[in-house]
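Down below is the structure, laid out as C-alpha coordinates.
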Amino acid sequence: MGGAIAALIAIPYGLALARMMGLPPELGLLTSVATAPITALLGRNPVLIGGTASATVPFIAHATAHGGIGEAAKVCLAASVFMMVFSLLRLGRHIQRVPQAVVTGFSCGIGAMMFLSQLAAMLGVHAAVNRTSNNMLAQSWIVLSQIGQAHWEPIAISAVLIGAALAAQKWLPRWPAPLVGLLAAAGISAVLPIPVRAVGAISLRLPPFAGFSWKPEDMFAVLPAALGLAFVSSINILLTSRVVEHFRGRHKHLKRADADVELGAYGIANLFAATFAAPLSVGIPARSLASVRCGGSTRMSNFLHGVMIVAMIALGGGVIAKIPLVALAGVTAYIGICLLEWSTWKRLPRMRRADAAAFLLTALAVVTVNAVLAVAIGCLCYLPSFLANRLRRTAPESLGQPAAV
(Lines give C-alpha, C1' and ligand atoms only; values in the text may rest on other atoms or scores of the structure.)
Protein backbone atom coordinates (compact mmCIF):
# COMPACT_ATOMS: atom_id res chain seq x y z
CA MET A 1 0.00 0.00 0.00
CA GLY A 2 2.89 2.35 0.74
CA GLY A 3 4.40 1.71 -2.67
CA ALA A 4 1.02 2.18 -4.38
CA ILE A 5 0.20 5.55 -2.82
CA ALA A 6 3.77 6.78 -3.42
CA ALA A 7 3.42 5.80 -7.09
CA LEU A 8 0.09 7.64 -7.37
CA ILE A 9 1.74 10.79 -6.04
CA ALA A 10 4.78 10.29 -8.28
CA ILE A 11 2.88 10.13 -11.57
CA PRO A 12 1.42 13.67 -11.76
CA TYR A 13 4.41 15.21 -9.97
CA GLY A 14 6.94 13.62 -12.28
CA LEU A 15 5.03 14.64 -15.40
CA ALA A 16 4.53 18.23 -14.24
CA LEU A 17 8.12 18.83 -13.08
CA ALA A 18 9.61 17.36 -16.25
CA ARG A 19 7.48 19.75 -18.31
CA MET A 20 8.67 22.60 -16.09
CA MET A 21 12.28 21.64 -16.84
CA GLY A 22 11.63 21.61 -20.59
CA LEU A 23 12.07 17.82 -20.80
CA PRO A 24 9.69 15.19 -22.23
CA PRO A 25 7.11 14.47 -19.48
CA GLU A 26 7.88 10.73 -19.38
CA LEU A 27 11.42 11.45 -18.17
CA GLY A 28 9.98 12.68 -14.86
CA LEU A 29 8.60 9.18 -14.28
CA LEU A 30 11.69 7.44 -15.61
CA THR A 31 13.65 9.01 -12.74
CA SER A 32 11.60 7.05 -10.20
CA VAL A 33 11.44 3.82 -12.21
CA ALA A 34 15.18 3.75 -12.96
CA THR A 35 16.50 4.81 -9.55
CA ALA A 36 14.09 3.12 -7.11
CA PRO A 37 15.58 -0.41 -7.41
CA ILE A 38 19.12 0.93 -6.93
CA THR A 39 18.38 3.19 -3.96
CA ALA A 40 16.24 0.45 -2.39
CA LEU A 41 19.13 -2.00 -2.70
CA LEU A 42 22.07 0.25 -1.80
CA GLY A 43 20.46 2.99 0.33
CA ARG A 44 20.55 2.99 4.13
CA ASN A 45 17.21 4.58 5.01
CA PRO A 46 14.67 1.86 4.12
CA VAL A 47 11.66 4.20 3.83
CA LEU A 48 13.30 7.09 1.97
CA ILE A 49 11.71 7.30 -1.48
CA GLY A 50 13.28 9.45 -4.17
CA GLY A 51 12.11 11.03 -7.39
CA THR A 52 11.98 14.23 -9.41
CA ALA A 53 11.90 17.26 -7.08
CA SER A 54 11.24 20.98 -7.44
CA ALA A 55 14.63 21.80 -5.85
CA THR A 56 16.38 20.60 -9.01
CA VAL A 57 14.15 22.55 -11.43
CA PRO A 58 16.22 25.77 -11.74
CA PHE A 59 19.47 23.92 -12.58
CA ILE A 60 18.02 21.51 -15.13
CA ALA A 61 15.62 24.04 -16.68
CA HIS A 62 18.53 26.45 -17.24
CA ALA A 63 20.60 23.70 -18.90
CA THR A 64 17.70 22.62 -21.13
CA ALA A 65 16.98 26.20 -22.19
CA HIS A 66 20.60 26.76 -23.23
CA GLY A 67 21.52 23.44 -24.81
CA GLY A 68 18.48 21.18 -25.01
CA ILE A 69 18.13 17.67 -23.61
CA GLY A 70 21.80 16.88 -24.22
CA GLU A 71 22.91 19.77 -22.02
CA ALA A 72 20.55 18.62 -19.25
CA ALA A 73 22.01 15.11 -19.51
CA LYS A 74 25.56 16.46 -19.14
CA VAL A 75 24.66 18.47 -16.05
CA CYS A 76 22.86 15.51 -14.44
CA LEU A 77 25.69 13.08 -15.25
CA ALA A 78 28.32 15.42 -13.80
CA ALA A 79 26.15 16.05 -10.72
CA SER A 80 25.84 12.28 -10.18
CA VAL A 81 29.63 11.95 -10.23
CA PHE A 82 29.94 14.83 -7.75
CA MET A 83 27.53 13.05 -5.40
CA MET A 84 29.68 9.93 -5.50
CA VAL A 85 32.74 12.09 -4.78
CA PHE A 86 30.91 13.59 -1.79
CA SER A 87 30.30 10.04 -0.58
CA LEU A 88 33.95 9.02 -0.97
CA LEU A 89 35.06 12.17 0.88
CA ARG A 90 32.63 11.30 3.70
CA LEU A 91 30.91 14.67 3.55
CA GLY A 92 27.42 13.29 4.14
CA ARG A 93 28.04 12.48 7.80
CA HIS A 94 28.35 16.16 8.66
CA ILE A 95 24.62 16.58 8.07
CA GLN A 96 24.12 14.55 11.26
CA ARG A 97 25.45 17.57 13.17
CA VAL A 98 22.48 19.71 12.17
CA PRO A 99 20.53 20.48 15.40
CA GLN A 100 17.18 18.76 15.86
CA ALA A 101 15.32 22.10 16.01
CA VAL A 102 16.62 22.89 12.51
CA VAL A 103 15.46 19.47 11.27
CA THR A 104 11.95 19.97 12.69
CA GLY A 105 11.86 23.49 11.24
CA PHE A 106 12.90 22.06 7.88
CA SER A 107 10.10 19.48 8.17
CA CYS A 108 7.56 22.17 9.02
CA GLY A 109 8.72 24.36 6.14
CA ILE A 110 8.53 21.47 3.69
CA GLY A 111 5.00 20.72 4.93
CA ALA A 112 3.94 24.33 4.43
CA MET A 113 5.55 24.36 0.97
CA MET A 114 3.73 21.15 0.01
CA PHE A 115 0.38 22.59 1.09
CA LEU A 116 0.91 26.02 -0.49
CA SER A 117 2.15 24.52 -3.75
CA GLN A 118 -1.26 22.86 -4.22
CA LEU A 119 -3.40 25.95 -3.53
CA ALA A 120 -3.93 26.80 -7.19
CA ALA A 121 -5.04 23.25 -8.05
CA MET A 122 -7.33 22.93 -5.00
CA LEU A 123 -8.95 26.30 -5.67
CA GLY A 124 -9.20 25.79 -9.43
CA VAL A 125 -7.36 29.07 -10.04
CA HIS A 126 -5.16 29.73 -13.07
CA ALA A 127 -2.58 32.20 -11.78
CA ALA A 128 0.57 33.28 -13.62
CA VAL A 129 3.24 32.29 -11.10
CA ASN A 130 6.93 31.56 -11.64
CA ARG A 131 7.21 27.89 -10.70
CA THR A 132 11.01 28.05 -10.81
CA SER A 133 11.00 30.58 -7.94
CA ASN A 134 11.66 29.33 -4.40
CA ASN A 135 9.48 31.99 -2.75
CA MET A 136 6.36 29.94 -2.10
CA LEU A 137 4.75 32.72 -0.05
CA ALA A 138 4.94 35.10 -3.01
CA GLN A 139 3.48 32.44 -5.31
CA SER A 140 0.67 31.76 -2.83
CA TRP A 141 -0.14 35.47 -2.59
CA ILE A 142 -0.55 35.60 -6.38
CA VAL A 143 -2.86 32.58 -6.24
CA LEU A 144 -4.94 33.97 -3.35
CA SER A 145 -5.28 37.31 -5.13
CA GLN A 146 -7.28 35.40 -7.78
CA ILE A 147 -9.55 33.70 -5.25
CA GLY A 148 -12.56 35.43 -6.76
CA GLN A 149 -12.12 33.13 -9.76
CA ALA A 150 -12.08 29.95 -7.64
CA HIS A 151 -14.39 27.06 -8.56
CA TRP A 152 -16.38 25.02 -6.07
CA GLU A 153 -15.70 21.65 -7.75
CA PRO A 154 -11.96 21.36 -6.98
CA ILE A 155 -12.53 22.89 -3.55
CA ALA A 156 -15.15 20.24 -2.77
CA ILE A 157 -12.97 17.35 -4.00
CA SER A 158 -9.88 18.46 -2.09
CA ALA A 159 -11.93 19.16 1.07
CA VAL A 160 -13.51 15.69 0.94
CA LEU A 161 -10.12 14.07 0.41
CA ILE A 162 -8.34 15.90 3.23
CA GLY A 163 -11.30 15.45 5.58
CA ALA A 164 -11.57 11.72 4.86
CA ALA A 165 -7.80 11.23 5.26
CA LEU A 166 -7.73 13.09 8.59
CA ALA A 167 -10.73 11.11 9.81
CA ALA A 168 -9.08 7.81 8.82
CA GLN A 169 -5.88 8.90 10.54
CA LYS A 170 -7.78 9.48 13.79
CA TRP A 171 -10.35 6.67 13.86
CA LEU A 172 -8.78 4.08 11.54
CA PRO A 173 -5.06 4.34 12.33
CA ARG A 174 -4.23 1.00 10.66
CA TRP A 175 -5.79 2.05 7.37
CA PRO A 176 -3.80 3.93 4.68
CA ALA A 177 -5.24 7.40 5.27
CA PRO A 178 -4.08 8.99 1.97
CA LEU A 179 -5.60 6.14 -0.02
CA VAL A 180 -8.87 6.39 1.93
CA GLY A 181 -9.02 10.10 1.09
CA LEU A 182 -8.18 9.43 -2.54
CA LEU A 183 -10.95 6.83 -2.86
CA ALA A 184 -13.45 9.20 -1.21
CA ALA A 185 -12.53 12.00 -3.60
CA ALA A 186 -12.63 9.70 -6.63
CA GLY A 187 -16.05 8.47 -5.52
CA ILE A 188 -17.41 12.00 -5.19
CA SER A 189 -16.11 13.01 -8.62
CA ALA A 190 -17.57 9.84 -10.17
CA VAL A 191 -21.02 10.19 -8.60
CA LEU A 192 -21.42 13.91 -9.13
CA PRO A 193 -21.04 15.48 -12.58
CA ILE A 194 -17.96 17.52 -11.63
CA PRO A 195 -15.90 18.72 -14.61
CA VAL A 196 -12.26 18.61 -13.49
CA ARG A 197 -9.00 17.79 -15.25
CA ALA A 198 -7.77 14.23 -14.95
CA VAL A 199 -4.26 12.80 -15.06
CA GLY A 200 -4.70 11.74 -18.69
CA ALA A 201 -2.97 9.12 -20.82
CA ILE A 202 0.70 8.33 -20.12
CA SER A 203 3.17 6.71 -22.50
CA LEU A 204 5.13 3.66 -21.35
CA ARG A 205 7.71 3.89 -24.16
CA LEU A 206 11.36 3.76 -23.04
CA PRO A 207 13.12 6.92 -24.27
CA PRO A 208 16.39 6.72 -26.22
CA PHE A 209 19.78 7.44 -24.66
CA ALA A 210 20.59 11.13 -24.54
CA GLY A 211 22.98 12.29 -27.23
CA PHE A 212 25.61 14.90 -26.45
CA SER A 213 29.31 15.71 -26.85
CA TRP A 214 31.77 17.14 -24.34
CA LYS A 215 33.55 20.36 -25.21
CA PRO A 216 36.41 22.20 -23.48
CA GLU A 217 34.12 25.09 -22.55
CA ASP A 218 31.93 22.66 -20.57
CA MET A 219 34.49 22.97 -17.77
CA PHE A 220 33.19 26.49 -17.17
CA ALA A 221 29.54 26.00 -18.16
CA VAL A 222 28.49 22.49 -17.08
CA LEU A 223 30.67 21.72 -14.05
CA PRO A 224 29.66 24.76 -11.91
CA ALA A 225 25.98 24.05 -12.53
CA ALA A 226 26.51 20.35 -11.83
CA LEU A 227 28.33 21.10 -8.58
CA GLY A 228 25.47 23.32 -7.41
CA LEU A 229 22.90 20.72 -8.42
CA ALA A 230 24.83 17.97 -6.60
CA PHE A 231 25.15 20.09 -3.44
CA VAL A 232 21.45 21.01 -3.35
CA SER A 233 20.43 17.40 -4.08
CA SER A 234 22.73 16.00 -1.38
CA ILE A 235 21.40 18.36 1.27
CA ASN A 236 17.86 17.51 0.21
CA ILE A 237 18.43 13.75 0.37
CA LEU A 238 20.08 13.68 3.78
CA LEU A 239 17.75 16.16 5.48
CA THR A 240 14.68 14.45 4.04
CA SER A 241 16.07 11.20 5.41
CA ARG A 242 16.29 12.72 8.87
CA VAL A 243 12.80 14.20 8.57
CA VAL A 244 11.38 10.79 7.63
CA GLU A 245 13.11 9.15 10.60
CA HIS A 246 11.78 11.90 12.87
CA PHE A 247 8.27 11.46 11.47
CA ARG A 248 8.44 7.71 12.16
CA GLY A 249 9.12 8.51 15.81
CA ARG A 250 12.65 7.08 15.75
CA HIS A 251 14.85 9.38 17.79
CA LYS A 252 17.94 7.21 17.27
CA HIS A 253 19.65 8.61 14.19
CA LEU A 254 21.22 6.50 11.48
CA LYS A 255 24.95 5.92 11.80
CA ARG A 256 27.24 8.67 10.53
CA ALA A 257 28.63 6.39 7.82
CA ASP A 258 25.10 5.64 6.60
CA ALA A 259 24.74 9.23 5.36
CA ASP A 260 27.83 8.81 3.19
CA VAL A 261 26.52 5.51 1.80
CA GLU A 262 23.14 7.12 1.06
CA LEU A 263 24.80 9.77 -1.09
CA GLY A 264 26.77 7.10 -2.93
CA ALA A 265 23.61 5.08 -3.59
CA TYR A 266 21.80 8.08 -5.06
CA GLY A 267 24.88 9.05 -7.06
CA ILE A 268 25.01 5.61 -8.70
CA ALA A 269 21.25 5.57 -9.31
CA ASN A 270 21.27 9.05 -10.82
CA LEU A 271 24.23 8.16 -13.05
CA PHE A 272 22.07 5.47 -14.64
CA ALA A 273 18.99 7.70 -14.99
CA ALA A 274 20.98 10.61 -16.42
CA THR A 275 22.05 8.54 -19.44
CA PHE A 276 18.45 9.03 -20.61
CA ALA A 277 18.55 12.74 -19.58
CA ALA A 278 16.13 11.95 -16.74
CA PRO A 279 16.20 14.49 -13.86
CA LEU A 280 18.12 13.72 -10.68
CA SER A 281 16.37 11.67 -8.01
CA VAL A 282 16.35 13.20 -4.52
CA GLY A 283 14.44 12.47 -1.33
CA ILE A 284 10.72 13.25 -1.69
CA PRO A 285 8.93 13.92 1.65
CA ALA A 286 5.44 13.54 0.14
CA ARG A 287 6.06 10.02 -1.18
CA SER A 288 8.18 8.86 1.75
CA LEU A 289 5.73 10.03 4.40
CA ALA A 290 2.68 8.85 2.46
CA SER A 291 4.31 5.42 2.32
CA VAL A 292 4.97 5.51 6.07
CA ARG A 293 1.38 6.63 6.69
CA CYS A 294 0.19 3.57 4.77
CA GLY A 295 2.38 1.25 6.82
CA GLY A 296 5.52 1.08 4.69
CA SER A 297 8.45 0.16 6.95
CA THR A 298 10.99 -1.65 4.76
CA ARG A 299 12.95 -0.96 1.58
CA MET A 300 10.35 -2.96 -0.35
CA SER A 301 8.04 0.07 -0.27
CA ASN A 302 10.69 2.01 -2.20
CA PHE A 303 11.23 -0.80 -4.70
CA LEU A 304 7.49 -1.37 -5.17
CA HIS A 305 6.95 2.37 -5.68
CA GLY A 306 8.94 2.08 -8.92
CA VAL A 307 7.29 -1.21 -9.89
CA MET A 308 3.84 0.23 -9.21
CA ILE A 309 4.45 3.18 -11.53
CA VAL A 310 5.13 0.81 -14.42
CA ALA A 311 2.25 -1.51 -13.44
CA MET A 312 -0.24 1.34 -13.08
CA ILE A 313 0.65 2.76 -16.47
CA ALA A 314 0.71 -0.63 -18.20
CA LEU A 315 -2.34 -2.25 -16.59
CA GLY A 316 -4.37 0.54 -15.12
CA GLY A 317 -3.58 3.40 -17.43
CA GLY A 318 -7.26 3.89 -18.21
CA VAL A 319 -8.18 4.14 -14.52
CA ILE A 320 -5.28 6.44 -13.66
CA ALA A 321 -6.10 8.66 -16.61
CA LYS A 322 -9.51 9.39 -15.00
CA ILE A 323 -8.19 10.29 -11.52
CA PRO A 324 -8.75 14.02 -10.94
CA LEU A 325 -5.52 15.99 -10.68
CA VAL A 326 -7.01 17.95 -7.81
CA ALA A 327 -7.37 14.70 -5.84
CA LEU A 328 -3.64 14.06 -6.08
CA ALA A 329 -3.04 17.69 -5.14
CA GLY A 330 -5.20 17.03 -2.08
CA VAL A 331 -3.05 14.01 -1.12
CA THR A 332 0.06 16.18 -1.26
CA ALA A 333 -1.65 18.90 0.78
CA TYR A 334 -2.72 16.32 3.39
CA ILE A 335 0.85 15.07 3.77
CA GLY A 336 1.93 18.69 4.11
CA ILE A 337 -0.54 19.20 6.94
CA CYS A 338 0.88 16.15 8.71
CA LEU A 339 4.39 17.61 8.40
CA LEU A 340 3.58 20.91 10.12
CA GLU A 341 5.05 19.75 13.45
CA TRP A 342 1.98 20.52 15.56
CA SER A 343 3.60 19.18 18.74
CA THR A 344 6.56 21.53 18.29
CA TRP A 345 4.24 24.53 17.94
CA LYS A 346 2.63 23.57 21.28
CA ARG A 347 6.05 23.35 22.97
CA LEU A 348 7.34 26.55 21.39
CA PRO A 349 6.81 28.83 24.47
CA ARG A 350 8.77 26.36 26.65
CA MET A 351 11.68 25.87 24.23
CA ARG A 352 15.09 27.52 24.58
CA ARG A 353 15.34 30.76 22.67
CA ALA A 354 17.97 29.38 20.30
CA ASP A 355 15.87 26.28 19.56
CA ALA A 356 12.69 28.30 19.03
CA ALA A 357 14.46 30.81 16.76
CA ALA A 358 16.10 28.02 14.76
CA PHE A 359 12.77 26.24 14.29
CA LEU A 360 10.89 29.37 13.18
CA LEU A 361 13.58 30.84 10.94
CA THR A 362 14.30 27.52 9.23
CA ALA A 363 10.61 26.93 8.51
CA LEU A 364 10.19 30.48 7.17
CA ALA A 365 13.32 30.31 5.02
CA VAL A 366 12.23 27.05 3.39
CA VAL A 367 9.12 28.72 1.95
CA THR A 368 10.80 32.02 1.06
CA VAL A 369 14.40 31.27 0.04
CA ASN A 370 15.49 27.63 -0.47
CA ALA A 371 16.20 24.51 1.54
CA VAL A 372 20.00 24.88 1.66
CA LEU A 373 19.99 28.48 2.89
CA ALA A 374 17.20 27.59 5.32
CA VAL A 375 19.43 25.03 7.03
CA ALA A 376 22.32 27.52 7.13
CA ILE A 377 20.09 30.21 8.65
CA GLY A 378 18.78 27.79 11.28
CA CYS A 379 22.30 26.68 12.24
CA LEU A 380 23.41 30.32 12.57
CA CYS A 381 20.99 30.68 15.48
CA TYR A 382 23.40 28.55 17.52
CA LEU A 383 26.48 30.59 16.60
CA PRO A 384 26.29 33.00 19.62
CA SER A 385 26.02 30.14 22.14
CA PHE A 386 28.79 28.23 20.33
CA LEU A 387 31.14 31.23 20.48
CA ALA A 388 30.25 31.87 24.11
CA ASN A 389 31.09 28.29 25.05
CA ARG A 390 34.41 28.49 23.21
CA LEU A 391 35.28 31.71 25.04
CA ARG A 392 34.44 30.15 28.40
CA ARG A 393 36.69 27.19 27.61
CA THR A 394 39.64 29.26 26.44
CA ALA A 395 39.41 31.92 29.18
CA PRO A 396 40.90 29.73 31.99
CA GLU A 397 43.71 28.61 29.68
CA SER A 398 44.58 32.21 28.81
CA LEU A 399 44.88 32.98 32.54
CA GLY A 400 47.21 30.06 33.11
CA GLN A 401 44.53 27.91 34.76
CA PRO A 402 43.42 24.45 33.67
CA ALA A 403 40.22 24.44 31.63
CA ALA A 404 37.15 23.01 33.37
CA VAL A 405 36.16 19.54 32.24
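Results, tabulated for the structure shown:
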item: Any hit, region 83-97, residues being within 20 Å of Thr275 (Cβ to Cβ), surrounded by fewer than 23 Cβ atoms within 10 Å (Cβ to Cβ) and hydrophobic (A, V, I, L, M, F, W, C); result: yes
item: Val307, sole failed condition from (1) crowded, with 19+ Cβ neighbours inside 10 Å; (2) out of contact with any strand residue (DSSP E or B) (no Cβ under 8 Å at 6 or more places or on another chain); result: (1)
item: Residue in region 42-64 that is at pLDDT 90 or above, under 28 Å from Leu304 (Cα atoms) and in a helix (DSSP H, G or I) present; result: yes
item: Unique match (being of a type in the set (Gly, Ala, Ser) and over 20 Å from the mean Cα position of the chain (by Cα)) among Ser80, Ser87; result: Ser87
item: Matching residues, region 293-347, being in contact with a Lys or Arg (Cβ under 8 Å, 6 or more places away or on another chain) and within 21 Å of Thr31 (Cβ to Cβ); result: His305, Leu325, Ile335
item: Matching residues in region 346-360 - criterion: being in contact with a Cys (Cβ under 8 Å, 6 or more places away or on another chain) and surrounded by fewer than 20 Cβ atoms within 10 Å (Cβ to Cβ); result: Ala354, Ala357
item: Residue under evaluation Gly22, criteria (1) of a type in the set (Gly, Ala, Ser); (2) in contact with a Gly (Cβ under 6 Å, 6 or more places away or on another chain); (3) surrounded by fewer than 23 Cβ atoms within 10 Å (Cβ to Cβ), criterion not met; result: (2)
item: Residue count, region 42-56 (criterion: hydrophobic (A, V, I, L, M, F, W, C) and within 12 Å of Tyr266 (Cβ to Cβ)); result: 4
item: Pair list, Cβ under 6 Å, 6 or more apart: region 185-202 residue under 20 Å from Ala165 (Cα atoms), other residue assigned to a strand (DSSP E or B) and at pLDDT 80 or above; result: Ser189/Pro324
item: Qualifying positions in region 214-249 - free of Cβ contacts under 8 Å to residues at least 60 places away in the same chain, outside any helix (DSSP H, G or I) and more than 20 Å from the chain's Cα centre (by Cα); result: Lys215, Pro216, Glu217
item: Filtered residue count, region 27-41, keeping only those that are β-branched (Val, Ile, Thr), over 14 Å from the mean Cα position of the chain (by Cα) and either more than 10 Å from Arg299 (Cα to Cα) or not in a helix (DSSP H, G or I) (or both); result: 3
item: Selected residue (only one of Gly267, Gly318, Gly336 is part of a helix (DSSP H, G or I) and free of Cβ contacts under 8 Å to residues at least 24 places away in the same chain); result: Gly318
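The values are calculated or read from the model by the stated rules, or taken from the named source; none is laboratory data. Computed from a predicted structure; not experimentally measured. We place every Cβ from the backbone using ideal geometry, glycine too, and count neighbours over all the protein chains shown.
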